[in-house]
């Protein structure tokens, strides 16, 4: 089986799981789905707030503690502001190419583990 066929099979499996979840959510035999549990909604919201908070703390710690050990922000800014327009455009083009290339290469590597 080729890589493309394997990916198509995975996507097909995901589609089947999504359809099964949607089927379970539909009311059966004219019954109306029960209203959502307010306590569960609060727990979900609290969990999401904690996740965002932890993410912000990690990002701040990286930029405040880790990166300054590797590079000096002042020197980096001085270097960037001293670039000629051609150097800046070249740097910007390299950045855009890198973003495009990374997305192109990793397009088929997404995890579907959370579906279903």
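The values are calculated or read from the model by the stated rules, or taken from the named source; none is laboratory data. As the structure is a prediction and not an experimental result, all values here were calculated from the model. All Cβ positions, glycine included, derive from the backbone under ideal geometry; neighbour counts span all protein chains shown.
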Out of (1) in a helix (DSSP H, G or I); (2) exposed (fewer than 10 other Cβ atoms within 10 Å of the Cβ); (3) at pLDDT below 70, the one residue 29 does not meet is (1)
Where residues in the stretch 71-116 are under 18 Å from the mean Cα position of the chain (by Cα) and farther than 30 Å from residue 19 by Cα, which of them is modelled with the lowest pLDDT?
-> 102
